[in-house]
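The values are calculated or read from the model by the stated rules, or taken from the named source; none is laboratory data. Quick caveat, the model's predicted, so the values are computed rather than measured. In this analysis, Cβ positions are derived from the backbone assuming ideal geometry, glycine residues included, and neighbour counts consider all displayed protein chains. Heavy atoms of the whole protein, side chains included, go into the accessibility calculation; ligands, DNA and RNA do not. Shrake-Rupley method; radii C 1.70, N 1.55, O 1.52, S 1.80 Å.
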Amino acid sequence: MKQTEPDLWVLEYVTITKDPRTDLVVAIGGTEKAADILQRTGGFLSAPGPRGDYHRLPHGLPVEQQRRKATAASHALLAAGHSVHLDPTLNMLVAPDGEREAALRYLAGLAERAAAATTSSEVAEVLTEIAAPVHGLLPLAREVVVRAWIAASDFQGAAPAGEPDPIARLGSTATSMSEAARVIHHARNPPARPAPRPATTSPPPSRAQPAESRRR
């Protein structure tokens, strides 16, 4: 018996997340009823997109306001019977220390995996977690340093003459972190080295027979 695909109410699904390029909180999906809830409880605005209208919070909202409005909207949608995915970074009900503790456990787990590795592929997996170009720990940490450098440059005055500028050194630190990530990423897949050839022992040269024995 041929099974058919279930009739899913895809439009009932709402995803509330933060766009990494613009830092805007956006809500995608949902019906007109969901749009009304987003606008009334979360202060979302309707905006045209390449694949139809979507909703977003206003520009320039502080992070805490973004989290508060996104959390309120998501719970109102859930109460109305909608299926909602809320980006964990926007969830106000998550304990502030929970993410830090999870990150520390994750780092400790990576250290344990590296110590217990028995093959080069297991080591490569750990190094990938550290230096992967997009979601690696080191590139993400570099992004934090770069943003802190930009913000500090706006607040910090010029360093006294003859003294190194600590804020300027943040920029070179970010460059060093990029180089470190590149080195680790390259070390993840070391070039194949040919196996050393076994030493061959050539037989000793045969001694020439005396001319008298050759004539016999």
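Summed over the stretch 72-92, residues that are open to solvent by less than 70 Å² (accessible area, probe 1.4 Å), of a type in the set (A, V, I, L, M) and not in a loop (DSSP other than H, G, I, E, B) total 7. When you check SER121 against the structure, is it in contact (Cβ under 8 Å) with a residue 40 or more places away in the chain and among the polar types (S, T, N, Q), yes or no? So SER121 fails the test. For the stretch 93-119, taking the residues that are outside any helix (DSSP H, G or I) and modelled with pLDDT under 85, the one that is most open to solvent (accessible area, probe 1.4 Å) is identified as LEU93. The single condition among (1) part of a loop (DSSP other than H, G, I, E, B); (2) closer than 29 Å to ARG147 by Cα that VAL26 does not satisfy is (1).
Restricting ALA132, ALA141, ALA161, ALA148 to residues that are at pLDDT below 85 and either closer than 15 Å to LEU110 by Cβ or exposed (fewer than 15 other Cβ atoms within 10 Å of the Cβ) (or both) narrows the list to ALA161. Any idea how many residues of the stretch 60-71 are surrounded by 16 or more Cβ atoms within 10 Å (Cβ to Cβ) and either of a type outside the set (A, V, I, L, M, F, W, C) or assigned to a helix (DSSP H, G or I) (or both)? Within the stretch 60-71, residues that are surrounded by 16 or more Cβ atoms within 10 Å (Cβ to Cβ) and either of a type outside the set (A, V, I, L, M, F, W, C) or assigned to a helix (DSSP H, G or I) (or both) number 6.
Scanning the stretch 31-59 for residues that are exposed (fewer than 11 other Cβ atoms within 10 Å of the Cβ) and basic (Lys, Arg) yields a single hit, ARG51.
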